[in-house]
Amino acid sequence: MPRKKTTTLFEDSLAELEQLVSQLEQGDISLEESLKSFERGVSLTRTCQKALQEAEQKVHILLEKNGNLSLESFTDE
């Protein structure tokens, strides 16, 4: 179940971050509100980065074969 919680946390954080960016881009809020939104955005960004780093670590673990990391190139075909 931790995966679901992490995924939901990431998706919810990303959605909130997108809303904050949209509000800031519109410029319709006060300087104080802008600063609070920016501070919240920084916190959400850190949450998302942590979730992505954890996912990257899991991918490395899953790709590891017999103690050797085997990475395959990605092709967008």
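Every number here is computed from the coordinates shown, using simple stated rules; none is lab data. In this text the structure is predicted, and so the values were computed from the model without any measurement. Counting neighbours? That spans all protein chains shown, and the Cβs are built from the backbone with ideal geometry, glycine included.
Quick notes
- Relative counts (whole %) of C-alpha pair distances in region 2-69, using bins that are 5 Å wide: 3, 16, 19, 16, 13, 10, 9, 5, 4, 2, 1, 0
- Length added when fully stretched, K50-L62, from 0.36 nm per residue minus Cα-Cα: 2.5 nm
- Look at the dipole of region 2-69 built from charges on Cβ: of L31, L14, Q57, the Cα furthest out on the positive end belongs to Q57.
- Nearest-20 debye value, region 2-69 charge dipole, Cβ charges on Lys, Arg, Asp, Glu: 560 debye
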